[in-house]
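One structure is given below, encoded as C-alpha cells.
The values are calculated or read from the model by the stated rules, or taken from the named source; none is laboratory data. Nothing here was measured: the structure is a model prediction, and the numbers come from that model. Note that each Cβ is placed from the backbone with ideal geometry, even for glycine, and that neighbours are counted across all protein chains shown. To get the accessible areas, we keep the full protein, side chains included, count just its heavy atoms, and leave off ligands, DNA and RNA. Shrake-Rupley method; radii C 1.70, N 1.55, O 1.52, S 1.80 Å.
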Amino acid sequence: TNQGCDLVAVFDAETKLAIRYVNVGAAPAIEAPHMVKVSPDRKNWYVSFLGGTKFQKFDASTDNLVTSLDIGFGSWNTFSISSDSKTAYIVDWSANGTIVIADLVTMTEKQRYQGSGLLLEPHGSCIKKSDTSLYITAQKGNFIYKIDVRKHRTC
C-alpha cells in the first residue's frame, strides 16, 4: 500500500516491478490504506485504512472496486479472512479498540466487539485454520486475545 496517496501497487511476479497502481479509498482526504489481503478463494482482495471509515472489496481479476462497507471511523490496521472467504475480522488499533466481523458475501456488518477496556490497542490478527478462534495481539502488554468465533460464521 501507498499510505500517503491512497494507492495500492500491483507487482509483476517475475520481475518484481510495479506494473500499475489501483486507487483505493472513498473520501477526498487521504485515508491511508494499511493492509491488503487476497481472499483464500483468490476471487477478491480487500483493503483496510488507518484513517477512514471504509473496508473495501476489489475483484482480483480486474482490480475494480466491487463495493465498500462503512465500519465507522477508526485505525483499521489489520484483518483476517476465514478459510471459506466469507467472513472478515477487522481490527481497529485504538486505545479502546474494536473488532468488526463482516460478511464478505453481502458486505454487511454481522457483529462488533467493543467496550471500555475490552480491547486495549488490539493490533495483529490471525484466524485459526479451522475458523474456530481469532487471535489478536495487544500492541502494549504481554498478552494475546483469543475469541471463539464459531457462532459468527456465515452459513
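Of note:
- Restricting 66, 8 to residues that are buried (at least 19 other Cβ atoms within 10 Å of the Cβ) and either over 12 Å from the mean Cα position of the chain (by Cα) or farther than 23 Å from residue 123 by Cβ (or both) narrows the list to 8.
- The listed residue being at pLDDT below 90 and either exposed (fewer than 14 other Cβ atoms within 10 Å of the Cβ) or over 16 Å from residue 50 (Cα atoms) (or both), out of 116, 94: 116
- Boolean, residue 84 is open to solvent by 30 Å² or more (accessible area, probe 1.4 Å) and either more than 16 Å from residue 139 (Cα to Cα) or over 9 Å from the mean Cα position of the chain (by Cα) (or both): yes
- When residues of segment 97-113 are limited to those that are open to solvent by 10 Å² or more (accessible area, probe 1.4 Å) and of a type in the set (A, V, I, L, M), the one farthest from residue 52 (Cα to Cα): 105
- Exactly one residue out of 104, 119, 134 is over 28 Å from residue 41 (Cβ atoms) and aliphatic (A, V, I, L, M): that is 119.
- Taking the criterion of being open to solvent by less than 80 Å² (accessible area, probe 1.4 Å) and of a type in the set (D, E, K, R), the residues of segment 119-134 that qualify are 121, 131.
- Counted residues, segment 36-53 - those being closer than 20 Å to residue 98 by Cβ, out of contact with any His (no Cβ under 7 Å at 6 or more places or on another chain) and modelled with pLDDT of 95 or more: 3
- Yes/no for residue 21 being of a type outside the set (Gly, Ala, Ser), out of contact with any Gly (no Cβ under 9 Å at 6 or more places or on another chain), open to solvent by less than 50 Å² (accessible area, probe 1.4 Å) and not in a loop (DSSP other than H, G, I, E, B): no
- Considering segment 135-155, the residues that are surrounded by 12 or more Cβ atoms within 10 Å (Cβ to Cβ) and part of a loop (DSSP other than H, G, I, E, B) include one that is modelled with the lowest pLDDT, namely 154.
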